[in-house]
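Bear in mind that the values in this text are calculations on the coordinates, not laboratory data. No experiment lies behind these values; they were computed from the predicted model shown. Don't worry about glycine lacking a Cβ; one is built from the backbone with ideal geometry, like all the others, and counts go over all protein chains shown.
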């Protein structure tokens, strides 16, 4: 029998993982009162706990480090509970460890000794300094004042990365068992200064993008998942793009296997919509944006419950 009461067991295991005391536990699953939906929400970059040892090793102040954070994204999508879906969020920050990467996507420039043979040192993300252990923050400023021992990377991966992915996989497996399929919504934010479509800019359209929906160019989710999200956002006049400039990262690619009944879509929200990007404070429109996203979440829950692409109504049969 599926246990729909929560993931306290995950939290206990994670609390014992070899990571800093600040990460006790390193992640949290916010469960609905009753599991009613095959949707699973993930906020991997909204963590804001910065270990003192990390800050001491960094050449940057905390306000600069936080510019890589998807601040408040977990709160923007808190409506997941209202449709009977769980939301997984990290407590650790993206600048410390990025779970939207391969587990060993590591940058040789960052470490003081040779990396293991199994490490992926040649990806484009590594080349940009944005591997599993980032070397730079989003504006390409070096994080660390000196190189790190490789054991530090392996400790973070064992203590933070693997528990996060284990929890996410468990939630997807539970949804698939209960409803016959699972739909992951990976929740992110993007700097408003970079939220421009190069193709549109080349035609003289300099409007900033408000939302980007990524489905790996149709490979990670059925159209029924993505179409409704885009349509509802456009109703409010938002500039919405699909897959440009963000098609979805490792989580979307890894968990999006529509042929197996696992769908994954990434939603990027422009930070300028809901926060002051200089002070990192919520702005007056935060409740409005959260409200619009609540309607998107509700609509998506309805779509995946009723659309023929998923076999039509399943909840009654599942229960």
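Dividing the mean sequence gap of close Cα pairs (under 8 Å, 6+ apart) by how many residues the chain holds gives a relative contact order of 19 percent. Within the listed set 209, 150, 62, the residue fluctuating most in the Gaussian network model of the chain (springs between alpha-carbon atoms under 10 angstrom) is 62. Based on Cα contacts under 8 Å between residues 6+ apart, region 150-295 shows a relative contact order of 28 percent.
Mean sequence separation of contacting Cα pairs (under 8 Å, at least six apart), scaled by the length of region 26-150, corresponds to a relative contact order of 32 percent. Inter-label distance, residue 109 to residue 141: 1.7 nm, where each label sits 7 Å from its Cα along the C-beta direction. Once the Cα-Cα distance is subtracted from the 0.36 nm per residue extended length, the residue 208 to residue 244 segment shows a gain of 11.7 nm.
Enclosing the Cα atoms of the chain in their convex hull gives a volume equal to 136 cubic angstrom per residue. Listed from fewest to most Cβ neighbours within 10 Å, the set 295, 281 follows the order 281, 295. Each of residue 49 and residue 117 was given a label point 7 Å from its Cα along the Cα-to-Cβ line. The distance between the two points is 3.7 nm. Ranked for footprinting exposure by Cβ neighbours inside 10 Å, fewest first, 165, 263 give 165, 263. Note on region 18-107: Rg/Rh from C-alpha atoms, Kirkwood Rh, equals 1.03.
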